[in-house]
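Taking it in order: structure first as structure tokens, then the write-up.
The values are calculated or read from the model by the stated rules, or taken from the named source; none is laboratory data. All figures in this text were calculated on a predicted structure; none of them were measured in a lab. Every residue, glycine among them, receives a Cβ derived from its backbone with ideal geometry; neighbour counts consider all protein chains shown. Heavy atoms of the whole protein, side chains included, go into the accessibility calculation; ligands, DNA and RNA do not. Shrake-Rupley method; radii C 1.70, N 1.55, O 1.52, S 1.80 Å.
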Amino acid sequence: MRKIKNGDDIMNVICIMSDTFRFDNLSCCGGKDVKTPNLDAFAEKSLCFTNYMCSSFPTLPNRIDTYTGKVGFPHFGWGPMPVNLPTMAGILGDNGYRTQIIFDPPNLQKNNWWITRGFHASHAIHGQEGDLTFLHCNDPVERHLPEEKIRTETKRMGAYLADIHPWINWERKTEFDYHCVKTTVEASKWLDLNYKADNMFLWVDIFDPHEPWDAPDYFVKKFDPDYDGMPMRDPNYGLAAAYTERELKNMRAQYLAEVSMVDKWIGFLLKKIEDVGWMENTIILFTSDHGFQMGEHGHVGKGNREKPDDNLWWPMYSQLRHIPLIVYVPGVTGGGVCDAMVQPQDIMPTLFELLEIKTGYSFEGISFKEQFYDSKAEFGRKYAVSGCNAEDDWKVTPAVTTKEWAYMSIGADGITPELYNRKLDMAENNNIIDRHPEVAAEMKKALEDFFESHNCPRDEYMKLAKKI
């Protein structure tokens, strides 16, 4: 509802997206490998959704689901946002909001992909991954890791991303030179310049902890103080067997170091929001798009696409699809937990209902507004489907999730489906499909119904649902 408990209007919305941030990294949700004190403190004021599953996978398809309230992956994959779909920012702009995106993910910066469509203002921080900014070709690009240990499918100026990224960022000297710091500081500057206004919408998109992982050494040493080998900063998307156990430990440390740095600087931004007095009239949302496997299920990465294993398909296990969603609504008691099965396409209708914005737009998402006032309230989705477009080359197979079960339409052998009891096996290590064939049949039917309801073309459906 637009009126909050003290009678004031909700005037502003801030959404913070952190790329590749796994749900099990939040210490407030039971994560044990890393502490996230700032996000934990934010969760104490907010509602934390423990069953938030990605829908369209990975980065760009997820943003499109979130920006449009539609599920994209049965129809399109990695590429431009369809120009016929209204956007969250565009509709908010039509309803009197001033809209701004501040972002550093390089995949959002292509002018012809329309990811920033609908925003009044767009501010990009350059230099992430292979985003070339200022050439200095008198300096050679140095090789940091052997080819068998890194992603090799993408090059810039003849160099691999693991090598071109430090070359792009050659002037980096202090923590303030890192991208998640720059992005949150720029968002904080924006607050200084706009805090007296109302009806403001700010989207802050942070590429970290997406690889290449390059947090300052003092963050890494918190998690792996004794390692003296090659830093595992930009691993191949393929088999974990390409790495030693010691290298996998350092890979996790490199990733968790970036998680720790992201938490620190999101905390900086949240403190700024508090300082300018916006906690009383601003909805604040923190989320991610997908996760990353670091040895779990014998995989590294988020798709079987480089130096691949023999199985064409990878199941979309929890490490890929289970992501955080923490939402603060002023005037609503915080510190709550909600186990409703929510997904990215639900964010847009929820925000619009909270803001009392009415449109003729047909959402595919479901508003979870009632969950803020009763976290146990009935929600309209039993099954969450997570998947990747069949024409994309990620080679990730769909998953169906309920509060209790997870069904992989194609399992680790590339043929047989798998079933997991999430209440007993959250990491999805113990396949029990033989013990519960009736549950597997129900989950398979839910996947078939999902494709039918989205009018998925038959040939594409057969690729996505192969051997389910």
**OP:** Please turn the phi angles of the range 87-104 into ³J(HN,Hα) values with the Karplus equation 6.51 cos²θ - 1.76 cosθ + 1.60 (θ = phi - 60°), one per residue in order, whole Hz, x for glycine and proline.
**Re:** 10, 4, 5, x, 5, 4, x, 5, 10, x, 8, 9, 10, 9, 10, 10, 8, 10
Original post:
So what's the back-of-envelope 222 nm ellipticity for the chain, counting only DSSP H runs of four-plus at -39500 (n - 2.57) apiece and dividing by all residues, rounded to 500?
Top reply: -7500 deg cm²/dmol
Original post:
Ignoring ligands, DNA and RNA, what percent of the 1.4 Å accessible area of the chain is carbon and sulfur?
Top reply: 50 percent
**OP:** Return, for the Cα atoms of the range 334-468, the radius of gyration and Dmax in Å, separated by a comma.
**Re:** 16.7, 48
**OP:** Anything over 20 Å Cα to Cα? Flag those among LYS45/LYS264; LYS173/LYS249; LYS45/LYS221; LYS403/LYS444, in the order listed.
**Re:** LYS173/LYS249; LYS45/LYS221
Original post:
If packing is taken as the mean number of other Cβ atoms within 10 Å per residue, what is the order of 153-161, 12-20, 53-61, highest first?
Top reply: 53-61, 12-20, 153-161
Subject >> (1) 69, 53, 40; (2) 61, 59, 40; (3) 78, 65, 50, with the label sought being that of the calculated Cα extents along the principal axes in Å >> reply: (2)
**OP:** Evaluate the relative contact order of the chain (contact order divided by residue number), counting alpha-carbon pairs under 8 angstrom at least 6 apart; express in whole percent.
**Re:** 24 percent
Original post:
Taking amide H positions as placed 1.01 Å from N in the peptide plane, with prolines and chain starts having none, which residues 5 or more places from TRP314, or on another chain, fall under 5 Å of its amide H?
Top reply: ASN304, VAL396, THR397
Original post:
How large is ³J(HN,Hα) for each residue in the range 181-191, as worked out from phi by the Karplus curve 6.51 cos²θ - 1.76 cosθ + 1.60 (θ = phi - 60°), to whole Hz, x for Gly and Pro?
Top reply: 5, 4, 5, 6, 5, 4, 5, 5, 4, 4, 4
Subject >> Rounded accessible area of HIS210 (nearest 10 Å², 1.4 Å probe) >> reply: 10 Å²
Original post:
With the contact rule set at Cα under 8 Å and sequence spacing of 6 or more, what percent relative contact order holds for the range 330-391?
Top reply: 41 percent
Original post:
So what is the relative contact order for the range 1-146, in percent, with contacts set as C-alpha pairs under 8 Å and at least six apart?
Top reply: 13 percent
Original post:
What number comes out for the charge environment of ALA41, summing +1 per Lys or Arg and -1 per Asp or Glu over other residues with Cβ under 11 Å away?
Top reply: -2
